[in-house]
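Take a look at the structure below.
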Amino acid sequence: MEIYNQQIMKKLIFIFVLMCMFSCGDYIDKPKNLIPKDQMAEILADLSINDQATFMYPNSNLEAGTRYVLKTHNVKSNDFVESFKYYTIKDKMKGIAEDAQKILVEKDPKADKYIKDKKSKTIIPQNIPALSR
């Protein structure tokens, strides 16, 4: 009898795992006010310019600049956050960020050198030796 119960339990666990795998295919709903990808790239480009301005002028207000950028694009902060989460979870943010970099280079060609310098300084270690040998 115990073997029979174990077999039933294994089958139930297997069915439960399958149900979880197929039900989790789309684990975030599309926001009702989803910002289009091209507009999202423009907003990200403007936000990075705003961020750089606050770095160069320490007395400036980052939050006020962020609100200004969103207002110029007619976007509510909640819609931006929800769209950002959606694109991140859907693995589309990398393409949007690359588009934002292109917009930055169009607005300021000197930004291209800065971006290339940053990318060349970002080193990803290939072979990290084990800590406990």
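Some points to look at:
- Residue count for segment 77-91, restricted to those that are surrounded by fewer than 17 Cβ atoms within 10 Å (Cβ to Cβ) and hydrophobic (A, V, I, L, M, F, W, C): 2
- Residue list for segment 67-96, restricted to those being polar (S, T, N, Q) and closer than 20 Å to ASP38 by Cβ: THR72, ASN74, SER77, SER83, THR88
- In segment 81-106, the residues that are under 20 Å from ARG67 (Cα atoms) reach residues that are polar (S, T, N, Q) and at pLDDT 90 or above with C-beta atoms within less than 8 angstrom, at least six apart or across chains, in these pairs: GLU82/ASN33; SER83/ASN33.
- Residue count for segment 92-106, restricted to those that are buried (at least 18 other Cβ atoms within 10 Å of the Cβ), more than 17 Å from the chain's Cα centre (by Cα) and of a type in the set (Val, Ile, Thr): 1.
- Selection status of ALA111, within 17 Å of ASP51 (Cα to Cα), at pLDDT 85 or above and under 23 Å from the mean Cα position of the chain (by Cα): no
- Top-ranked residue in segment 40-80 [being in contact (Cβ under 8 Å) with a residue 12 or more places away in the chain and not in a helix (DSSP H, G or I); ranked as farthest from ASP108 (Cα to Cα)]: LYS76
- Residue match in segment 65-81 (condition: modelled with pLDDT of 90 or more, within 23 Å of PRO31 (Cβ to Cβ) and within 14 Å of the chain's Cα centre (by Cα)): yes
- For ALA53, the conditions (1) more than 16 Å from the chain's Cα centre (by Cα); (2) loosely packed, with under 12 Cβ neighbours inside 10 Å; (3) at pLDDT below 90 all hold with the exception of (2).
The values are calculated or read from the model by the stated rules, or taken from the named source; none is laboratory data. The shown structure was predicted, so the numbers you read here are calculated from the model rather than taken from an experiment. Neighbour counts run over all protein chains shown; Cβ positions are idealised from the backbone, glycine included.
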